[in-house]
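Q: Take this structure, written in structure tokens, and hold onto it; I'll ask about it next.
The values are calculated or read from the model by the stated rules, or taken from the named source; none is laboratory data. As the structure is a prediction and not an experimental result, all values here were calculated from the model. So basically every Cβ, Gly included, is an ideal-geometry build from the backbone, and we count neighbours across all protein chains shown. Protein only, heavy atoms only, side chains kept; ligands, DNA and RNA dropped before computing areas. Shrake-Rupley method; radii C 1.70, N 1.55, O 1.52, S 1.80 Å.
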Amino acid sequence: MAKQPLIIVVDDDPQVLRAVSRDLKKQYRKEYRIISTDSANEALDSLLDLKKKGDEVALFLSDQRMPEMPGVDYLEKAAEIFPGARRVLLTAYSDTDAAIKAINEVQLDYYLMKPWDPPEEKLYPVITDQLEEWKANNSATVGGLRLLGYQYSPKSHSVKDFLSGNLFPYKWLDVENDPAAAETMMLHGIDHKTLPAVIFEDGEVILGDDLSPIAKKLGLQPTAQSEMYDVAIIGAGPAGLAAGVYGGSEGLNTALIEKRAPGGQAGTSSRIENYLGFPNGLSGADLSRRAISQATRFGIDFLVPQAVDSIEFNSGYKCLTMADGTHLHTHAVIITTGVSYRMLESTGLQDFTGAGVYYGAATTEATSCKNKDVFVVGGGNSAGQGAVYLSNYAKHVHILLRRDNLHDTMSSYLIDQIDSIDNITVEPFREVVKATGDDRLQK
Ligand SMILES: Cc1cc2nc3c(=O)[nH]c(=O)nc-3n(C[C@H](O)[C@H](O)[C@H](O)COP(=O)(O)OP(=O)(O)OC[C@H]3O[C@@H](n4cnc5c(N)ncnc54)[C@H](O)[C@@H]3O)c2cc1C
């Protein structure tokens, strides 16, 4: 049986520790093992052992005021050992300033105020959100879907991008580096030439990078369910998702059509800090998950993966033709197709897209950057967010800029974060002119 991921709680007050552990066990014990201690040092000492034993920590919950060290310092140290774990601080009203500061300085995920009664209102919604977020990002430890492939394969990257964009946690097995991959391939009789391969929980295997059968098996719905819609929204980025929520909530028969995954550009963001109502920031995946569940709760049809190829105007309605040749009829159309990435045009780069060169893939490829040097090209906000996120995994992150500094192109909160992270270097006056390699980017 797979090991249960851990929730580790630290509070020097035994009464608070008992109460919070009891509440957490009541709600989460089926899926998680809850460990509690009154000593931050003891918790830190045990983390390396847990790591060696193959345990995974999903969430750290810590008091702020503790005699051995402040909770923020403890969480920062704990994150060095389990960088993917969510970090939540338990604070008294008087510690709010420290908590807000910590959001920026140590990328705290949330701060919870004491007391948390009733837990159904004040504790569980926050912790459940954080655990959902951990599950979505932490594909390596969650059972269920497995994806086998080559790290430097555009086909594998495309399936990874599809699964993570559509918020399906999966375990990635790199056939060149993971001994478990060879074993799994043998067990399922998978040939190297047919990779990538998705293995589902029921044992079914889908080979190759055709996303339609994978989407179908996962229960996604790419085709229209109604003869006629009141409104069809093309593109499920933040604009399309918002339109979907309002269409659905007004009782309109609404179709939201998305060619890749909900969230659009925002869905690929590692951390959005300026979205109204989320003072701690939230990841793009979190935003997408919340928005798509809000829209579907109002009964809209979400068609994904599905691209609209053309729109024809007939008397009284519009007919949309989809990439797979199917049609959808609607009275009104809202186009929210946003923008797509401008690709780097330097010599050779296009040959390595998905094989060492990635666009907006910080969250999808972060774990494969472990102990490597990563070069982020550009100095905008998405580059800054990507660099901060990747610095938790990579040996070193280099931000390459054509201009001399970040101030004209990046928000100051991100510049401050970058300045405080040792393994990020900003390299001005750099331009990528050429890329070379064999089957993958090398230089
Ligand atoms: C990495 C990153 C980080 C960012 N961080 C921030 C941030 O912190 N704060 C901030 O304010 N902004 C941020 N942005 C910018 C923000 O994400 C965008 O402004 C926002 O996503 C635009 O929303 P949109 O719905 O208009 O378009 P998009 O997000 O571009 O979405 C358009 C959607 O339409 C789909 N689509 C396109 N054509 C078709 C078609 N023919 N058929 C079906 N679907 C189609 C696309 O697949 C896409 O999902 C970030 C952007 C990136 C890339």
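Q: Being aliphatic (A, V, I, L, M), touching a residue at least 40 places away in the same chain (Cβ under 8 Å) and within 30 Å of Leu441 (Cβ to Cβ) narrows it down to one of Ala332, Ala361, so name that one.
A: Ala361
Q: Considering every residue within segment 372-388, establish whether at least one is more than 16 Å from the ligand (Cβ to nearest atom) and open to solvent by less than 30 Å² (accessible area, probe 1.4 Å).
A: No, there is no match, as no residue in segment 372-388 is more than 16 Å from the ligand (Cβ to nearest atom) and open to solvent by less than 30 Å² (accessible area, probe 1.4 Å).
Q: If we only count strands (runs of 3 or more DSSP E) wholly inside segment 1-112, which ones have 3 or more residues that are closer than 26 Å to Pro169 by Cβ and free of Cβ contacts under 8 Å to residues at least 40 places away in the same chain?
A: 33-37
Q: While we're on this one: How many residues are more than 11 Å from the ligand (Cβ to nearest atom) and surrounded by fewer than 16 Cβ atoms within 10 Å (Cβ to Cβ) if we restrict to segment 330-341?
A: Total satisfying the criteria: 2.
Q: Within the set of pairs 6+ apart or on separate chains, which have a first residue in segment 116-127 that is under 20 Å from Asp286 (Cβ atoms), a second that is in a loop (DSSP other than H, G, I, E, B), and C-beta atoms under 6 Å apart?
A: Pairs found: Lys122/Trp116; Leu123/Trp116.
Q: Among the residues of segment 250-263, which ones are more than 13 Å from the ligand (Cβ to nearest atom), in contact with a strand residue (DSSP E or B) (Cβ under 8 Å, 6 or more places away or on another chain) and not polar (S, T, N, Q)?
A: Leu252
Q: Could you tell me which numbered condition Thr367 fails, if it satisfies all but one of (1) at pLDDT below 95; (2) out of contact with any helix residue (DSSP H, G or I) (no Cβ under 8 Å at 6 or more places or on another chain); (3) more than 16 Å from the ligand (Cβ to nearest atom)?
A: Every condition holds for Thr367 apart from (2).
Q: The conditions are (1) more than 24 Å from Leu287 (Cα to Cα); (2) open to solvent by 20 Å² or more (accessible area, probe 1.4 Å); (3) part of a helix (DSSP H, G or I), and Glu132 fails exactly one of them. Which is it?
A: Only one criterion in (1) more than 24 Å from Leu287 (Cα to Cα); (2) open to solvent by 20 Å² or more (accessible area, probe 1.4 Å); (3) part of a helix (DSSP H, G or I) is unmet by Glu132, namely (1).
Q: Determine which member of the set Tyr413, Tyr393 is over 17 Å from the mean Cα position of the chain (by Cα), surrounded by fewer than 22 Cβ atoms within 10 Å (Cβ to Cβ), at pLDDT below 95 and closer than 19 Å to Gly284 by Cα.
A: That would be Tyr413, the only listed residue that is over 17 Å from the mean Cα position of the chain (by Cα), surrounded by fewer than 22 Cβ atoms within 10 Å (Cβ to Cβ), at pLDDT below 95 and closer than 19 Å to Gly284 by Cα.
Q: Condition first: farther than 22 Å from Thr353 by Cβ, of a type in the set (Gly, Ala, Ser) and open to solvent by 20 Å² or more (accessible area, probe 1.4 Å). Now tell me which residues in segment 145-191 satisfy that.
A: Those that are farther than 22 Å from Thr353 by Cβ, of a type in the set (Gly, Ala, Ser) and open to solvent by 20 Å² or more (accessible area, probe 1.4 Å): Ala180, Ala182, Gly189.
Q: Failed condition for Gly144, given (1) modelled with pLDDT of 85 or more; (2) in the same structural domain as Leu195 (by TED's automatic domain parsing), with all others met?
A: (1) is the only condition that Gly144 fails.
Q: One residue is enough: does segment 347-363 have a residue meeting the conditions open to solvent by less than 70 Å² (accessible area, probe 1.4 Å), within 11 Å of the ligand (Cβ to nearest atom) and part of a strand (DSSP E or B)?
A: Checking segment 347-363: not a single residue is open to solvent by less than 70 Å² (accessible area, probe 1.4 Å), within 11 Å of the ligand (Cβ to nearest atom) and part of a strand (DSSP E or B).
Q: Looking only at residues that are more than 9 Å from the ligand (Cβ to nearest atom) and part of a loop (DSSP other than H, G, I, E, B) in segment 222-244, which one is most open to solvent (accessible area, probe 1.4 Å)?
A: Glu227
Q: Ok, one more. Only one residue in Gly247, Gly219 is part of a loop (DSSP other than H, G, I, E, B) and away from the ligand (no atom under 14 Å from the Cβ). Which one?
A: After applying the criteria, what remains is Gly219.
Q: Go through segment 264-278 and give me each residue that's touching a strand residue (DSSP E or B) at 6+ places or on another chain (Cβ under 8 Å) and within 6 Å of the ligand (Cβ to nearest atom).
A: Hits for segment 264-278 are Ala266, Ile272.
Q: Let me ask something else about it. All but one of (1) part of a helix (DSSP H, G or I); (2) more than 7 Å from the ligand (Cβ to nearest atom) hold for Gly299; state the number of the condition that does not hold.
A: Only one criterion is unmet by Gly299, namely (1).
Q: Under 6 Å between Cβ atoms, at least 6 apart or on separate chains: pull out the pairs that start in segment 252-276 with a residue that is of a type outside the set (A, V, I, L, M, F, W, C) and end on any residue that is open to solvent by 20 Å² or more (accessible area, probe 1.4 Å) and near the ligand (Cβ under 6 Å from one of its atoms).
A: Lys259/Ala307; Gly264/Gly338; Thr268/Gly360; Ser269/Gln385; Ser270/Gln385; Arg271/Gln385
Q: So, one more: Quick check, is Ala180 aliphatic (A, V, I, L, M) and within 19 Å of Ala307 (Cβ to Cβ)?
A: Taking the combined requirement at face value, the residue does not satisfy it.
Q: Also, quick follow-up: Does segment 192-207 contain at least one residue that is at pLDDT 95 or above, open to solvent by 80 Å² or more (accessible area, probe 1.4 Å) and under 17 Å from Leu163 (Cβ atoms)?
A: yes
Q: If you don't mind, another one. Could you list all residues from segment 304-318 that are within 15 Å of the ligand (Cβ to nearest atom) and loosely packed, with under 14 Cβ neighbours inside 10 Å?
A: Scanning segment 304-318 gives Asp309, Ser310, Glu312.
Q: Here is a further query. Given the structure, is Ser212 away from the ligand (no atom under 14 Å from the Cβ) and within 28 Å of Glu365 (Cα to Cα)? Step through it out loud before you land on a result.
A: On the way: away from the ligand (no atom under 14 Å from the Cβ): yes; within 28 Å of Glu365 (Cα to Cα): yes.
Criteria met by Ser212.
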